[in-house]
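**Student:** The structure follows.
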């Protein structure tokens with residue numbers, strides 16, 4: 001089939017469907033999309049509350065619980081332990097399919113009547129204050145994390161130990177304030193590093209040891225701001241940087257950022273790839289227009305799937321992976337999942353599922369179901385025989401096309417469209433999409449999304465961030481009893497509220513022990529504000545610009561001879577997530593590889 005340019009049903013902008021895209025849609029038996037990739041990503045990710053806790057009542061027991069659902073959300077919520085028990089049966093909510101009404105009206109009723117688990121939380125030990133996590137031990141305030149121990153304040157972790165204040169790290173230990181780091185030990189205030197030990201304020205370094213303020217190094221040791229020192233000189237020089245002092249920390253951080261801006265960046269983050277596009281793509285083949293993906297193959301428009309055994313033959317798929325294949329228009333699906341479409345929270349040995357929510361484990365042949373476990377051949381939570389299911393499913397898909405659902409803005413949803421935003425129990429500003437595609441309340445409501453005003457923070461602070469000791473050596477144990485006013489809330493309350501600032505925060509005993517052992521200054525901001533600052537390090541999701549390589553030996557003085565003539569600008573063009581108005585010096589692959597040392 002030939003390439004086609006279509007107009008997005010939502011934003012009205014043109015988007016392209018390529019011949020290989022049509023092949024995929026035909027293979028999994030779905031019609032081509034009517035929304036552009038960015039709008040499809042936006043409507044999927046509103047179904048993900050990643051890190052905002054609420055206090056509410058369990059609708060089964062009446063006890064107070066922590067939940068990913070607001071008390072005002074139009075859904076029933078059970079404590080996760082009760083939800084997983086045999087004390088209730090989701091099949092009791094089953095309904096006959098009504099051919100006199102659109103499918104999504106019926107699905108909405110099921111979403112609002114079948115209880116949801118209070119949190120996505122599996123096989124965790126003494127890690128109650130975490131969400132969207134599995135296999136944690138002794139952890140606190142972790143989100144989107146797996147197989148991690150003794151760690152706190154982080155998002156997107158896999159197999160980490162003793163790490164604090166981190167974003168997107170894998171196989172790391174004793175790391176602090178890091179982003180996009182893999183197989184690192186004792187790494188602090190660093191980003192895009194791999195196989196590094198004891199490096200501080202470093203960026204894009206691989207297999208480096210004992211380095212400070214460095215960028216773009218490979219297989220180096222004892223370097224400070226990319227200058228080589230002897231081990232003895234390094235030890236003496238490094239002692240001058242006292243990160244236990246908050247004032248000294250701010251000065252070093254400023255110097256490191258200035259140094260980073262002077263060194264070229266590669267047009268995309270990634271390694272060990274073949275035919276890929278997007279950003280933060282690793283060890284993948286034929287993975288296009290994707291973001292934060294590892295071990296992927298023959299996929300497009302995927303994001304945040306960095307667990308081992310990444311996506312295979314998947315399109316429009318976000319979170320979380322682990323041996324998932326033939327996934328289309330899904331969010332939070334994985335663990336041996338196959339042929340899952342238009343669904344959320346379907347995982348663990350599940351296959352052949354469409355338009356279903358929170359169904360796990362070992363489910364298959366479900367259509368329009370909520371909360372089922374170990375079930376097959378069900379529609380709207382009603383049991384059928386295999387023959388009955390297959391016949392009825394054909395009729396339902398025909399009915400969805402003959403009687404499509406229309407939302408309040410007149411957008412049409414036939415078979416093949418993801419779930420309308422009107423069915424989502426999360427508000428736009430409490431879902432993770434607000435991090436990637438931020439909107440004001442006015443704009444969100446205008447586009448048909450729900451909005452909830454943040455709860456008023458009524459914490460009684462006992463001290464200001466300004467009253468914290470400058471040096472970690474001067475911090476008394478009594479600080480553990482203090483409720484500290486967040487710096488961002490103190491300086492700009494209105495802006496802080498937009499990023500879910502909690503107004504105040506406390507220092508935990510394990511956290512203070514970590515700072516003392518690592519000789520690090522105390523933070524002055526709450527977790528959500530610190531997380532916000534880390535997210536600013538990453539490139540925008542699914543945004544690409546056409547640019548020419550900036551290498552001309554003038555903006556940045558090259559250290560070696562390049563393929564193009566000295567003094568002339570490199571002719572290579574590429575698509576990159578670095579917008580043209582950003583300050584970075586963006587190099588093509590050839591020029592960048594020539595410069596790294």
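The values are calculated or read from the model by the stated rules, or taken from the named source; none is laboratory data. Computed from a predicted structure; not experimentally measured. Cβ coordinates were reconstructed from backbone atoms using ideal geometry, including for glycine residues, and neighbour counts include every protein chain displayed.
**Student:** Regarding the range 301-319, can at least one residue be identified that is assigned to a helix (DSSP H, G or I), at pLDDT below 95 and either outside the structural domain of residue 525 (by TED's automatic domain parsing) or within 27 Å of residue 592 (Cβ to Cβ) (or both)?
**Tutor:** no
**Student:** If you don't mind, there's one more thing I want to ask. Of all residues in the range 97-148 being at positive phi and assigned to a loop (DSSP other than H, G, I, E, B), which is surrounded by the fewest Cβ atoms within 10 Å (Cβ to Cβ)?
**Tutor:** Ranking the qualifying residues of the range 97-148, first place goes to 126.
**Student:** Here is a follow-up. Being touching a strand residue (DSSP E or B) at 6+ places or on another chain (Cβ under 7 Å) and surrounded by fewer than 23 Cβ atoms within 10 Å (Cβ to Cβ) is the filter; apply it to the range 346-355 and report the residue that is farthest from residue 147 (Cα to Cα).
**Tutor:** Per the criteria, the residue is 352.
**Student:** Of 26, 50, which residue is at pLDDT below 95 and closer than 22 Å to residue 343 by Cβ?
**Tutor:** 50
**Student:** Now a separate question. What single numbered condition from (1) within 18 Å of the chain's Cα centre (by Cα); (2) surrounded by 22 or more Cβ atoms within 10 Å (Cβ to Cβ); (3) more than 25 Å from residue 67 (Cβ to Cβ) fails to hold for residue 171?
**Tutor:** (2)
Residue-by-condition table, conditions (1) touching a helix residue (DSSP H, G or I) at 6+ places or on another chain (Cβ under 7 Å); (2) in contact (Cβ under 8 Å) with a residue 60 or more places away in the chain:
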{"site": "315", "(1), (2)": "yes, yes"}
{"site": "338", "(1), (2)": "no, no"}
{"site": "352", "(1), (2)": "no, no"}
{"site": "371", "(1), (2)": "yes, yes"}
{"site": "376", "(1), (2)": "no, no"}
{"site": "392", "(1), (2)": "no, yes"}
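**Student:** Considering 521, 510, which residue is closer than 27 Å to residue 173 by Cα, surrounded by 17 or more Cβ atoms within 10 Å (Cβ to Cβ) and touching a strand residue (DSSP E or B) at 6+ places or on another chain (Cβ under 7 Å)?
**Tutor:** Only one candidate qualifies: 521.
**Student:** For residue 106, which of the numbered conditions (1) under 27 Å from residue 375 (Cβ atoms); (2) in contact with a helix residue (DSSP H, G or I) (Cβ under 6 Å, 6 or more places away or on another chain) fails to hold?
**Tutor:** Looking at each condition in turn, residue 106 falls short on (2).
**Student:** Another question, then. In the range 57-78, how many residues are touching a residue at least 60 places away in the same chain (Cβ under 8 Å), closer than 24 Å to residue 499 by Cα and over 24 Å from the mean Cα position of the chain (by Cα)?
**Tutor:** 2
**Student:** Would you say residue 444 is free of Cβ contacts under 8 Å to residues at least 40 places away in the same chain and either surrounded by 14 or more Cβ atoms within 10 Å (Cβ to Cβ) or part of a loop (DSSP other than H, G, I, E, B) (or both)?
**Tutor:** When the stated conditions are applied, residue 444 passes them.
**Student:** Look through the range 5-19, keep the residues that are free of Cβ contacts under 8 Å to residues at least 24 places away in the same chain and outside any loop (DSSP other than H, G, I, E, B), and return whichever of them is surrounded by the fewest Cβ atoms within 10 Å (Cβ to Cβ).
**Tutor:** Residue satisfying both the conditions and the ranking: 5.
**Student:** Follow-up question, since we're still on this one. Consider residue 162 carefully, then state whether it is surrounded by fewer than 21 Cβ atoms within 10 Å (Cβ to Cβ), closer than 21 Å to residue 517 by Cβ and at pLDDT 95 or above.
**Tutor:** no
**Student:** Inside the range 216-251, can you point out the residues that are more than 33 Å from the chain's Cα centre (by Cα), closer than 24 Å to residue 593 by Cα and buried (at least 16 other Cβ atoms within 10 Å of the Cβ)?
**Tutor:** Within the range 216-251, 222, 229 meet the criteria.
**Student:** Give the residues of the range 166-199 that are in contact (Cβ under 8 Å) with a residue 40 or more places away in the chain, closer than 19 Å to residue 262 by Cα and out of contact with any helix residue (DSSP H, G or I) (no Cβ under 8 Å at 6 or more places or on another chain), sorted by residue number.
**Tutor:** Residues satisfying the conditions are 191, 192.
**Student:** Could you please let me know if residue 167 is within 20 Å of residue 511 (Cβ to Cβ) and modelled with pLDDT under 95?
**Tutor:** So residue 167 fails the test.
**Student:** Right, another one. Going by the structure shown, is residue 10 under 23 Å from residue 431 (Cβ atoms) and touching a helix residue (DSSP H, G or I) at 6+ places or on another chain (Cβ under 8 Å)?
**Tutor:** Taking the combined requirement at face value, the residue satisfies it.
**Student:** Then there is this: Going through the range 149-165 one residue at a time, which ones are under 17 Å from the mean Cα position of the chain (by Cα), assigned to a strand (DSSP E or B) and without any contact (Cβ under 8 Å) to a residue 40 or more places away in the chain?
**Tutor:** Of everything in the range 149-165, those that are under 17 Å from the mean Cα position of the chain (by Cα), assigned to a strand (DSSP E or B) and without any contact (Cβ under 8 Å) to a residue 40 or more places away in the chain turn out to be 154, 157.
**Student:** Now for a different question. Considering each residue of the range 198-215, count those that are outside any strand (DSSP E or B) and crowded, with 21+ Cβ neighbours inside 10 Å, and give that number.
**Tutor:** 7
**Student:** Could you figure out which of (1) touching a helix residue (DSSP H, G or I) at 6+ places or on another chain (Cβ under 6 Å); (2) assigned to a loop (DSSP other than H, G, I, E, B) isn't true of residue 323?
**Tutor:** Residue 323 satisfies every listed condition except (1).
**Student:** While we're on this one: Being in a helix (DSSP H, G or I), in contact (Cβ under 8 Å) with a residue 40 or more places away in the chain and closer than 14 Å to residue 153 by Cβ is the filter here; which residues of the range 484-513 pass it?
**Tutor:** Selection gives 510, 511.
**Student:** Out of (1) without any contact (Cβ under 8 Å) to a residue 24 or more places away in the chain; (2) part of a helix (DSSP H, G or I), what's the single condition that is false for residue 516?
**Tutor:** (1)
**Student:** Quick one: count up the residues across the range 362-390 that are in a loop (DSSP other than H, G, I, E, B) and surrounded by 14 or more Cβ atoms within 10 Å (Cβ to Cβ).
**Tutor:** Total meeting the criteria: 11.
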